[in-house]
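Colleague: Sharing a structure here in structure tokens format.
The values are calculated or read from the model by the stated rules, or taken from the named source; none is laboratory data. Fair warning: this is a prediction, and the values are worked out from it, not measured in the lab. As a convention, Cβ positions derive from the backbone with ideal geometry for all residues, glycine included, and neighbour counts pool all protein chains shown. To get the accessible areas, we keep the full protein, side chains included, count just its heavy atoms, and leave off ligands, DNA and RNA. Shrake-Rupley method; radii C 1.70, N 1.55, O 1.52, S 1.80 Å.
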There are 2 protein chains.
Amino acid sequence: MSAAPDTPFLAVDPDVLERNLTASATRAAERGLAWRPHAKTHKCVEIARRQLAHGAAGLTVATVGEAETFADAGCTDLFVAYPVWASGARAARIRALAQRTALRIGVTSVEGVRALATALDGVPAQVLVEVDSGHHRTGVAPADAGALARGAADAGLDVIGIFTFPGHSYGPGRREAVTAEESAALAEAAESLRAAGLDPVVRSGGSTPTEALSDGPGKATGSTATGPGVTAPGDIAPGDTAPGGAGPATPATPALTEIRPGVSVFHDAQQVELGVAGFGDVALTAVATVVHRDGDRIVLDAGSKTLGADQPGWISGGGRLPGHPDARIVALSEHHATAVLPAGSAVPAPGERVGVVPNHVCAAVNLADELIVVSGGEVVDLWPVAARGANT
Amino acid sequence: MSAAPDTPFLAVDPDVLERNLTASATRAAERGLAWRPHAKTHKCVEIARRQLAHGAAGLTVATVGEAETFADAGCTDLFVAYPVWASGARAARIRALAQRTALRIGVTSVEGVRALATALDGVPAQVLVEVDSGHHRTGVAPADAGALARGAADAGLDVIGIFTFPGHSYGPGRREAVTAEESAALAEAAESLRAAGLDPVVRSGGSTPTEALSDGPGKATGSTATGPGVTAPGDIAPGDTAPGGAGPATPATPALTEIRPGVSVFHDAQQVELGVAGFGDVALTAVATVVHRDGDRIVLDAGSKTLGADQPGWISGGGRLPGHPDARIVALSEHHATAVLPAGSAVPAPGERVGVVPNHVCAAVNLADELIVVSGGEVVDLWPVAARGANT
């Protein structure tokens, strides 16, 4: 299509992307879980269409603005997995969205429920109560979910279930325990809804670290948890509104009916260092130029305004260099990544291009206006980051 | 003009902005230093114009893309304070910029000099050699500046001086020592250029933490270092190409002729916690809504996709709440800031709006498409972040 652009830029490998889509779709299908990928990661209509073609039940988004972007592109089944505050201009925006899509919205407080009911003013939308499964961000305690759900139902909202984000899975060695906590919290919250006379039809969880571990109604014994697998869209389980009975070894009441992984569409350095993915699974890489070299230390022109600045305490640096897996990014400023290579390495020269895997791909994508699709060394497409900056 | 937009958004207080502009202009003028503010902080044509009206000698930028944005807006004196790699499409872009502006560019390596000379192909542009004054990012050792400058001159480039970024001033208690290191490094590098037969006319340094401390040729004894002061644009010293002799107590050969602070146009939580600014000096605030409350803990809808994720080890959290100075942001995710208030505080209720000062304002601005100018509680203007994402 055209020559590679000036650095830094974000390159997507469409073959790895396709493998990741297939892997996520397969993992969910094997368990009878609805797969509702979080579109905040890619913010990209072209990728949303591929997810839906692979059998996604719909999209998850974080903001009303993201929902508007994907609704404009024809995605009509959207879950805003966030306790949006429905006042001011946003009240009318939510109502308009509910009129043109199958809209689901999260609630976490009595006050939020009241604002949402007022905003919707009778326009139908489905509501999920957010549950805190241990991440301690938003969400109510599992035992309190029924009371909030009852309040929402009494305010005229259509409560269809519960959701949680097990974000505390982002840490070495935490995945198994957090997956169990997520299940336990959703099971307790579901029971709380039933005690309040409500049916928690949708029980939604999931994150990329726990994606391969979460149990669903149709988990097949001995199924492959992490292999890419192969599936045809027609083979995908029908979705989250018909849980249970889809496969062998069905638990009586599975804790989850739906998962919402985001990052696994691309993967990133966090997932590599958590052991969730390998460099070969990473579909998005920042392409940078070496602008300075001093012994075993190089400075690249992709800094925090390209890669993002997310750097949890457990990670080894500011991003990773797949071509130099033993290198570490020891400092990151806005337009500089300083990488140190092991003594005796072949150090890239000034002017050479180097790939960098961001720590957190959601942050990197939200800094770019477009993703450059590169296949076989050629630029084959440009995908606008349509929902970039859609924070409201 | 119009109602406040949905949260989160970035609000600029034009009165505080004006005070900050005056303070920076005054501080530079009192020392006979050229003031060349770094436009990467605001990326905003409206603010660049105000800086020039206050006597800025020109603008500093970090990328060719930023230079293009400001050149398009009529700013014709631009310093790309970065060792740009001049190849591919960027070579032609640099040449075109040099043809329509007074362009200065940084160099840090022999290879970079060669690429730049080839790219310019005889079109005049001025070059400054980057010197490492202790931040250990890009830049050559001060003693090596002369050799690189000589190589650049021999390659046909117009070497006018040296520059450094004392970024290691970002840490508690470091400002005075780092200001001294900056001066020493520039003095040594200047001597190195002279030994190579070159005149280091421009000696450019400065950062916001060191802005009030850097000595210039015309520092007046006992001048106010941090007060806002009052000055008229006509009183500003003429610029960095005529150093020396502008005021009383002129040192024989001042280390600096120019400073390039960026953040001081707005200030941010880093500057507040470093003691460089108070909350009353902060001209940009993210406006967020409380979406969740649990005891003394609140969750705001401004997360790292609004505030940025920069969080050096020495800072107290993910941003600051001027209305609740004892609160701390203990966790930040993409659309959530979790703040803990001291026990017994009046905790904002769900739905209330709260101002948040980002840790690093350059990162926050680069996430927004526009800045909302709010005066007396009313939105009075919208300023596009014209160079947002201009990373190449």
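Colleague: If amide hydrogens are placed 1.01 Å from N in the peptide plane, which non-local residues have theirs closer than 5 Å to the one on A:VAL159?
Modeller: Sorted by chain and number, the residues that satisfy this are A:VAL127.
Colleague: Let me ask something else. Would you be so kind as to list the residues of region A:301-330 that have their accessible area lowered by at least 40 Å² in the full protein complex compared with their chain by itself (1.4 Å probe)?
Modeller: Going by heavy-atom accessible area, the residues of region A:301-330 that drop by at least 40 Å² are A:LYS305, A:ALA309.
Colleague: Give the relative contact order (percent, whole number) for region B:126-191; include only Cα pairs under 8 Å separated by 6+ residues.
Modeller: Normalised by residue count, the contact order of region B:126-191 is 43 percent.
Colleague: In peptide A:334-341, what is the residue-averaged number of other protein chain Cβ atoms found within 10 Å of each Cβ?
Modeller: 4
Colleague: Taking the Cα centre of region A:291-392 as the origin, how large is its charge dipole in debye, to the nearest 20, when only Lys and Arg (+1) and Asp and Glu (-1) carry charge on their Cβ atoms? Walk me through the intermediate numbers first.
Modeller: Numbers: 7 positive and 11 negative charges, 47 e Å.
The calculated dipole for region A:291-392 is roughly 220 debye.
Colleague: Report in % the part of the accessible area of region A:269-384 that belongs to carbon and sulfur, leaving out ligands and nucleic acids; probe 1.4 Å.
Modeller: Heavy-atom surface of region A:269-384 belonging to carbon and sulfur, 1.4 Å probe: 48 percent.
Colleague: Where is the GNM fluctuation largest for chain A (alpha-carbon springs, 10 angstrom cutoff): A:GLY55, A:GLY74, A:GLY303?
Modeller: Result for chain A, Cα springs under 10 Å: A:GLY74 fluctuates most.
Colleague: Within 10 Å, count the other beta carbons around each residue, average over each peptide in B:158-164, B:101-107, B:348-354, B:319-325, and list them highest first.
Modeller: The peptides rank, most packed first, as B:158-164, B:101-107, B:319-325, B:348-354.
Colleague: How big is the dipole moment of the protein assembly as shown about its Cα centre under a simple scheme where the beta carbon of each Lys and Arg is +1, that of each Asp and Glu is -1, and everything else is neutral? Debye, nearest 20, please.
Modeller: 120
Colleague: Taking amide H atoms as placed 1.01 Å from N in the peptide plane, list the residues 5 or more away in sequence, or in a different chain, whose amide H sits under 5 Å from that of A:HIS38.
Modeller: A:THR60, A:GLY262
Colleague: Got a sec? Charge dipole of the protein assembly as shown, +1 on Cβ for Lys and Arg, -1 for Asp and Glu; which of A:SER214, B:VAL45, A:GLY112 is way out at the positive end?
Modeller: It is B:VAL45.
Colleague: How many partner chain Cβ atoms sit within 10 Å of a residue's Cβ in peptide A:112-121, on average, as a whole number?
Modeller: Across the residues of A:112-121, the mean count of other-chain Cβ atoms within 10 Å is 1.
Colleague: Leaving out ligands, DNA and RNA, calculate the buried accessible area for the pair A and B with a 1.4 Å probe, summed over both sides, in Å² to the nearest 100.
Modeller: 4200
Colleague: Please give the average number of partner chain Cβ atoms lying within 10 Å of the Cβ of each residue in A:343-351, rounded to a whole number.
Modeller: Values: counts 0, 0, 0, 0, 0, 0, 2, 9, 8.
Averaged over the peptide's residues, the number is 2.
Colleague: Could you order peptides A:89-100, B:328-339, A:365-376, B:370-381 by the average number of other Cβ atoms within 10 Å of their residues, highest first?
Modeller: B:328-339, A:365-376, A:89-100, B:370-381
Colleague: Report, by chain and number, residues whose modeled amide H sits under 5 Å from the one on A:VAL373, excluding near sequence neighbours (fewer than 5 apart, same chain).
Modeller: Counting only residues 5 or more places away or on other chains, the set is A:VAL12, A:VAL380, A:ASP381, A:LEU382, A:TRP383.
Colleague: Determine the residues within region A:39-59 where the difference in accessible area between the chain on its own and the full set of protein chains amounts to at least 20 Å²; count protein heavy atoms only and use a 1.4 Å probe.
Modeller: A:LYS40
Colleague: Considering Cα pairs under 8 angstrom that are at least six residues apart, work out the relative contact order of chain B and quote it in whole percent.
Modeller: Over chain B, the number comes to 22 percent.
Colleague: Please check region B:275-295 for residues whose accessible area, probe 1.4 Å, is lower by 50 Å² or more when all protein chains are in place than in their chain alone.
Modeller: B:VAL291, B:HIS292
Colleague: Which of the helices in chain A meet the span-like rule: DSSP H, Cα axial reach of 27 Å or more, Kyte-Doolittle mean at least -1.0?
Modeller: Answer set is A:175-195.
Colleague: How much accessible area per residue does region A:315-392 have, counting only protein heavy atoms and a probe of 1.4 Å, in square angstrom?
Modeller: Values: 2580 Å² over 78 residues.
Spelled out: the 1.4 Å probe surface of region A:315-392, per residue, equals 33 Å².
Colleague: If you don't mind, another one. Give the separation of the Cα centroids, region B:291-350 to region A:357-392, in Å.
Modeller: 29
Colleague: Measure off, as a whole percent, the carbon and sulfur share of the 1.4 Å-probe accessible area of region A:17-262, all protein chains present.
Modeller: 54
Colleague: Would you mind getting the accessible area per residue of region B:16-264, heavy atoms of the protein chains only, 1.4 Å probe, in Å²?
Modeller: Result: 34 Å² of accessible area for each residue.
Colleague: Taking the Cα centre of region B:16-264 as the origin, how large is its charge dipole in debye, to the nearest 20, when only Lys and Arg (+1) and Asp and Glu (-1) carry charge on their Cβ atoms? Present the calculation step by step, with values, prior to reporting the outcome.
Modeller: On the way: 22 positive and 25 negative charges, 94 e Å.
My answer is approximately 460 debye.
Colleague: If you average the C-alpha positions of region B:191-206 and of region A:14-51 separately, how far apart do those two centres end up, in angstrom?
Modeller: 56
Colleague: I've got another one for you. Out of B:VAL80, A:ALA195, B:ALA147, whose Cα points farthest toward the positive end of the dipole of the protein assembly as shown (charges: +1 Lys, Arg; -1 Asp, Glu; placed on Cβ)?
Modeller: B:VAL80
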